[in-house]
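What follows is a single structure, written as structure tokens, with notes after it.
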Amino acid sequence: RYEPTWGSLDARPLPAWFDEAKFGVFIHWGVFSVPSFGSEWFWWYWQKEKREPYVKFMEANYPPGFSYEDFGPLFTAEFFDPNQWADILKASGAKYVVLTSKHHEGFTLWGSEYSWNWNAVDVGPKRDLVAELATSVRNRTDLHFGLYHSLFEWFNPLFLEDATNVFKTRKFPTSKSLPELYEIVTKYQPEIIWSDGDGNAPDTYWNSTGFLAWLYNDSPVRDTVVTNDRWGAGSICTHGGFYTCSDRYNPRHLLPHKWENCMTIDRRSWGYRRNAQLDDYLTIEDLVKQLVETVSCGGNLLMNIGPTHDGRIAVVFEERLRQMGAWLKVNGEAIYGTKPWRAQNDTVTPQVWYTFSPEGGKVNAIFLNWPVSGTLELGEPQAKLGETQVKLIGYKELLKWVALGEKGMAIALPQLPPKQLPCQWGWTLQLTDVN
């Protein structure tokens, strides 16, 4: 049994499925999807920081006295089809999904008994959105279902009172945040609890270690659940399950602890933005690059989309997800279930990243640019004459190669018309019998 101490909790081995999965989809959806302007931090930027674009946006488009709470009934989800979402998620090649069950605005996407009249069952859709997506994902896909949950809430009076008391009082976590966490775990049995938003309060205020000890010892998901590292001020990149360290974290070198790069297709926001421009969205080339860099350095990629207030996954997001799935359909064996190799990227040719497939002992060299010369030079692998074989994933014939000195090899790529390339946006060479 795990003790409610970081020493004990941090010693828990991460369930193996998470490292093998490599790729997940993050979904930021909530009342902030109604104004869908600027960022999911709309309420804070408008009311607390009074940022000019947000104030002007409200003055131009909403009547005087319109409050953020008035957006609640407008969060309607009339086009939300959980089966369709599940099918898109499956097509993306992702192995897990993390839905925002509650963001810093405090609105819960399930009918929480601790969020009276500020939840999706009482207000807006009048539907349990968490339950619907969980059911569809479990019935139609093999994805692991996870939930994001914000510990703090910007404007909750109980939290503000505790903050004024420098967190010597604990009204908010005991009556709101912790009961919600126990509620979503028992009700929906998520295999990921993605915690966020510590409100600058220490983990002792949140009783994070107490909750995690229950989660790992007695909860219905104790054997499979994974958690992140956002459990109170100072815990990030130090305590918990896998490390996130910061948003859009991509160290580009090997880390000793399992980590995750959570990032967004829309560079500027996690929530949906009606005012987004095409340039704001990462291209599929950008996304494949992120995935390959992240996985080669031992991380998982958690790629975020923001649905609309009426429950649609915008076509630009759907296209990126399906493109990623098409790429993974060909190159998945160089991603899923792999381990980092002794070198993460190549020393001679830039934009070549390595992974290692323990089954069959294959070294995967994923290259993001097809060389004009038709020859790819690799500085890292030590090939063995007569033994090393080189295969381009998705192409039948073995490739010819020559050794370059002590270490390194030059590989002749097949001359193929674009239509006959196994895939776009990046290709994988599989090397067997290299030192």
Confirm whether Gly93 is farther than 24 Å from Trp46 by Cβ, among the small types (Gly, Ala, Ser) and either surrounded by fewer than 17 Cβ atoms within 10 Å (Cβ to Cβ) or touching a Leu at 6+ places or on another chain (Cβ under 6 Å) (or both).
yes
Meets criteria (modelled with pLDDT under 95, of a type in the set (Ser, Thr, Tyr), in a loop (DSSP other than H, G, I, E, B) and farther than 29 Å from Gly241 by Cα) for Thr308
no
For residues that are in a loop (DSSP other than H, G, I, E, B) and surrounded by fewer than 16 Cβ atoms within 10 Å (Cβ to Cβ), tally how many sit in the range 360-378.
8
Out of (1) over 21 Å from the mean Cα position of the chain (by Cα); (2) part of a loop (DSSP other than H, G, I, E, B), the odd one out for Trp231 is which?
(1)
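Yes or no, residue by residue, for (1) in a helix (DSSP H, G or I); (2) in contact with a helix residue (DSSP H, G or I) (Cβ under 6 Å, 6 or more places away or on another chain); (3) surrounded by fewer than 23 Cβ atoms within 10 Å (Cβ to Cβ):
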| residue | (1), (2), (3) |
| --- | --- |
| Leu158 | yes, yes, yes |
| Pro179 | yes, no, yes |
| Tyr182 | yes, no, yes |
| Thr186 | yes, no, yes |
| Ile193 | no, no, no |
| Thr224 | no, no, yes |
With respect to Thr135, determine if the residue is touching a residue at least 12 places away in the same chain (Cβ under 8 Å) and open to solvent by 70 Å² or more (accessible area, probe 1.4 Å).
yes
Considering the range 329-347, residues that are part of a loop (DSSP other than H, G, I, E, B) and of a type in the set (Val, Ile, Thr), and then whichever is surrounded by the most Cβ atoms within 10 Å (Cβ to Cβ), we arrive at Ile335
Name the pairs whose Cβ atoms lie under 7 Å apart, with the first residue in the range 264-292 and surrounded by fewer than 21 Cβ atoms within 10 Å (Cβ to Cβ), the second part of a strand (DSSP E or B), and 6 or more positions between them or separate chains?
Ala276/Asp266; Asp280/Asp266; Tyr281/Asp266; Gln290/Asn261; Gln290/Met263; Gln290/Leu301
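From the list Phe211, Phe152, which residue is within 30 Å of Trp259 (Cα to Cα), among the aromatic types (Phe, Trp, Tyr) and open to solvent by less than 20 Å² (accessible area, probe 1.4 Å)?
Of the residues listed, the single one that is within 30 Å of Trp259 (Cα to Cα), among the aromatic types (Phe, Trp, Tyr) and open to solvent by less than 20 Å² (accessible area, probe 1.4 Å) is Phe211.
The values are calculated or read from the model by the stated rules, or taken from the named source; none is laboratory data. No experiment lies behind these values; they were computed from the predicted model shown. Positions of Cβ are generated from backbone atoms using ideal geometry, with glycine treated the same way; all protein chains shown enter the neighbour counts. For accessibility, only protein heavy atoms count, side chains too; no ligands or nucleic acids. Shrake-Rupley method; radii C 1.70, N 1.55, O 1.52, S 1.80 Å.
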